[in-house]
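S.K.: Shown below is the structure under consideration.
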Amino acid sequence: MSAPPGGAGPAPADRRARVVEAVLPSLRRSALFVLVAAAGWALAAGRGWTDVHRSAGYLTVATALLAVGLFASTHGIDLAAARRNLRLVLLAVTVGVLVKAALISAVMYLAFGRPAFLVLGVAVAQIDPLSFAATRLRSRMSGQAQSILSAWASFDDPVTVLLTVYAAAWVVPALPGDPAGPTTADLGGFALSLARNALLAAVAAVAWWGTRALHRWAVTRAVWVGRAVTVGQLVVLLGLAVLAVDQFLLLGLAVAGLFYRPPIGRVLDLLTRWAFLAATFALGLVLVGGVDPVPGVVLGLAAVAAHVVVASVICARLPAADRLDVLLGQQNGITAVILALVLERQFVGTVAVVAPAILVVNLVHALTNGLREASGRGGPGTAPAGPAPAVRPRRRSGRSPAPGAPAH
């Protein structure tokens, strides 16, 4: 990158290019989100579908889409690098999720006084891992900042889902009427659910390491035998996924993604993209009931502000440039979309609030990162290099994500 003589900073043309690099991916994904949701809305409006969320199979489809997103978020994690960031991971799944969700929910309840809004903070608390992977500025952000945001984004999704389920069960009794879904929450039920998820993960572990040992033996006999074992691994994974969706054991499936890794990187990447599009289209179907823009804007701004507060604590010891990059890292994608769909059955109107909130979060991300680049990073050389990112994108082809690729 060229700079004016004397080290005055990047040239205006270079700075403009940096701003475009920071802003355009988020804007393209936001535009895709709006267009696909609008298509769903147009179909529902044309057919007179006003209660899609009450239809048979709606929750099953939403849960299946969520399963895809969660498994994908853990499937591509570099475990060796993640172990080097263990402290960060622990902070991300405790402070990074719990405190963010509590702050957002408190703002929503104080602003609107509706108990149902208490669960909305959980739905948008996570950072979407593949939105980050698509927008991170590889040549601008330091390796250290990338590592922190990558680990945070990939590990907070499963915890957010678990927290959403039990926050919803806790809030339901405070609602008037007789909403659909569970109406009790207790520590015994929470412990039982964790145990069932752990059992699913244990079964997956036995199946994976057993078939890996079988595969090592098989490939010494004949290539086709090794391929048959790989097919068997895929069949077992499909069975585990079906069971997880049927019994809502998504945390166990997400944990399985850390080690159950047959060679399906490209297929999983494509499947996740289509899951995002399908979820966004379904969001549009539900939006035929209307949009609630004011709470949506407040929710989006609260999510961004809560991330800034929590990231300030987690990253207090980082260099100023890295700390700012992490503070501006909040994005929402497939997990927030699908959690809104899941919650709609219990809390009618959730989609009407979360949909504009997702748009606000991603537009604020584009604006603030554009301003970050416009203000300069201190001249050529940009941020100092740091350790390799803790979480790699799932892509196995070696290609970078296209700027207009859908958020996940």
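The values are calculated or read from the model by the stated rules, or taken from the named source; none is laboratory data. Please read all numbers here as calculations on a predicted model, not as lab measurements. Don't worry about glycine lacking a Cβ; one is built from the backbone with ideal geometry, like all the others, and counts go over all protein chains shown. These accessible areas exclude ligands, DNA and RNA; they are computed on the full protein's heavy atoms, side chains included. Shrake-Rupley method; radii C 1.70, N 1.55, O 1.52, S 1.80 Å.
S.K.: If you go through the stretch 285-292 one residue at a time, do you hit one that is surrounded by fewer than 18 Cβ atoms within 10 Å (Cβ to Cβ) and over 30 Å from residue 104 (Cα atoms)?
M.R.: No: the stretch 285-292 contains no residue that is surrounded by fewer than 18 Cβ atoms within 10 Å (Cβ to Cβ) and over 30 Å from residue 104 (Cα atoms).
S.K.: Further question on the same structure: Answer yes if at least one residue in the stretch 314-325 is within 16 Å of residue 118 (Cβ to Cβ) and open to solvent by 30 Å² or more (accessible area, probe 1.4 Å), and no otherwise.
M.R.: No, every residue in the stretch 314-325 fails to be within 16 Å of residue 118 (Cβ to Cβ) and open to solvent by 30 Å² or more (accessible area, probe 1.4 Å).
S.K.: Among the listed residues 43, 32, 59, 90, identify the single one that is within 19 Å of residue 146 (Cα to Cα) and open to solvent by 20 Å² or more (accessible area, probe 1.4 Å).
M.R.: 90
S.K.: Looking only at the stretch 260-270, how many residues end up being open to solvent by 20 Å² or more (accessible area, probe 1.4 Å) and either of a type in the set (Lys, Arg) or modelled with pLDDT of 90 or more (or both)?
M.R.: Residues in the stretch 260-270 being open to solvent by 20 Å² or more (accessible area, probe 1.4 Å) and either of a type in the set (Lys, Arg) or modelled with pLDDT of 90 or more (or both): 2 in total.
S.K.: If you go through the stretch 33-55 one residue at a time, do you hit one that is in a helix (DSSP H, G or I), within 28 Å of residue 311 (Cβ to Cβ), of a type in the set (A, V, I, L, M) and modelled with pLDDT of 75 or more?
M.R.: yes
S.K.: Taking the stated definitions as given, is residue 5 open to solvent by less than 50 Å² (accessible area, probe 1.4 Å) and modelled with pLDDT under 75?
M.R.: So residue 5 does not fit the description; no.
S.K.: Here's another thing I want to ask about it. Return yes when residue 104 is touching a strand residue (DSSP E or B) at 6+ places or on another chain (Cβ under 6 Å) and among the hydrophobic types (A, V, I, L, M, F, W, C) and no when it is not.
M.R.: Spelling it out, it is not the case that residue 104 is touching a strand residue (DSSP E or B) at 6+ places or on another chain (Cβ under 6 Å) and among the hydrophobic types (A, V, I, L, M, F, W, C).
S.K.: The conditions are (1) in a helix (DSSP H, G or I); (2) open to solvent by 20 Å² or more (accessible area, probe 1.4 Å), and residue 205 fails exactly one of them. Which is it?
M.R.: The single condition residue 205 does not satisfy is (2).
S.K.: Of the residues 359, 363, 328, which is closer than 21 Å to residue 104 by Cα, at pLDDT below 90 and in contact with a helix residue (DSSP H, G or I) (Cβ under 7 Å, 6 or more places away or on another chain)?
M.R.: Result of the check over 359, 363, 328: 328.
S.K.: For the stretch 317-380, please list each of the helices (runs of 4 or more DSSP H) lying entirely inside it that holds at least 2 residues being under 18 Å from the mean Cα position of the chain (by Cα) and closer than 26 Å to residue 277 by Cα.
M.R.: The helices (runs of 4 or more DSSP H) meeting that bar are 334-344, 350-374.
S.K.: Still on this structure, please answer the following. Before we move on, is residue 93 at pLDDT 80 or above and of a type outside the set (D, E, K, R)?
M.R.: It is false that residue 93 is at pLDDT 80 or above and of a type outside the set (D, E, K, R).
S.K.: Does the stretch 211-231 hold any residues that are open to solvent by 90 Å² or more (accessible area, probe 1.4 Å), more than 12 Å from residue 262 (Cα to Cα) and in a helix (DSSP H, G or I), and which are they?
M.R.: 216, 217, 223, 224 - these are the residues of the stretch 211-231 that are open to solvent by 90 Å² or more (accessible area, probe 1.4 Å), more than 12 Å from residue 262 (Cα to Cα) and in a helix (DSSP H, G or I).
S.K.: Could you tell me whether residue 267 is outside any loop (DSSP other than H, G, I, E, B) and in contact with a Ser or Thr (Cβ under 8 Å, 6 or more places away or on another chain)?
M.R.: no
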